[in-house]
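Okay, structure first, notes after.
A short reminder: the numbers here are calculations on the coordinates, not readings from a lab. Here the structure is a predicted model, which means the values were calculated and not measured. When we count neighbours, we look across all protein chains shown, and the Cβ atoms used for this are built from the backbone with ideal geometry, even at glycine.
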Amino acid sequence: MQYSGAERRKHERFKVAIPVSIRLIDPKTGKLKQAEFKGVTTDISMGGLGLEMKYPGSDLLFFAPKLVGENKQFDLNLDAKLETGDLKGVAEVRWARVPPLTGLKILTMGLFLKRMRANDKRKWTSLVMSRSKGAS
């Protein structure tokens, strides 16, 4: 799909596939849901990432409408597997495309990185900068 609207992103994106595990987190209480879901990044930037989940569990499809918009009830607890070790953070879903009931089941989301510990932020910055240098 080719996007033809005005670009609103603050940061350049770079294509990269990184395994990511997510858990739902209630931003009001900080409590995590038990279910864990697996996905892969489609792209990364200093401010966030694109995430794709093939054949997501029915639990996640149930929660998808509660991840974004006026009915937002959850943030995501991220755990990414980088070459430099695990990276953890909290992300906010900015948009989500829920698959139709028929056809290929791929849930895609755009995530804004809300919080990371200083060490994780350094790892993320280093990863994005290495992709930036490789893109030139």
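Entry note, the chain: relative contact order of 23 percent, from Cα contacts under 8 Å with a spacing of 6+ residues. Evaluated with a Cβ-only charge set (Lys, Arg +1; Asp, Glu -1), segment 14-128 carries a dipole of roughly 180 debye about its Cα centre, given to the nearest 20. The residues Leu67, Leu32, Leu107, when put in order of fewest to most other Cβ atoms within 10 Å, stand as Leu32, Leu107, Leu67.
Here the spin labels are modelled as points 7 Å beyond Cα on the Cα-Cβ line, and at Ala35 and Val98 they lie 1.1 nm apart. Shape analysis of segment 49-106 based on the Cα gyration tensor places the equivalent ellipsoid semi-axes at 22, 16, 9 Å, largest first. For Val68, nonlocal amide neighbours, meaning residues 5 or more places apart or on other chains whose placed amide H falls under 5 Å from its own, are Gln73.
The phi-based Karplus calculation (6.51 cos²θ - 1.76 cosθ + 1.60; θ = phi - 60°) puts the 3J(HN,Hα) values of segment 52-64 at 10, 10, 7, 6, x, x, 4, 4, 5, 4, 5, 7, 3 Hz, whole numbers, x for Gly and Pro. What net charge is computed for the residues neighbouring Phe37, neighbours being all others with C-beta under 12 Å from the C-beta of Phe37, Lys and Arg scored +1, Asp and Glu -1? Overall, the nearby charge balance is 0. Placing unit charges on the Cβ atoms of the charged side chains and taking the dipole of segment 14-128 about its Cα centre, the candidate lying farthest along the positive direction among Asn77, Ile22, Val98 is Asn77. With the cut-off at 1.5 for a/c, could you classify the chain from its C-alpha gyration tensor as rounded, prolate or oblate? Here the chain falls in the oblate category.
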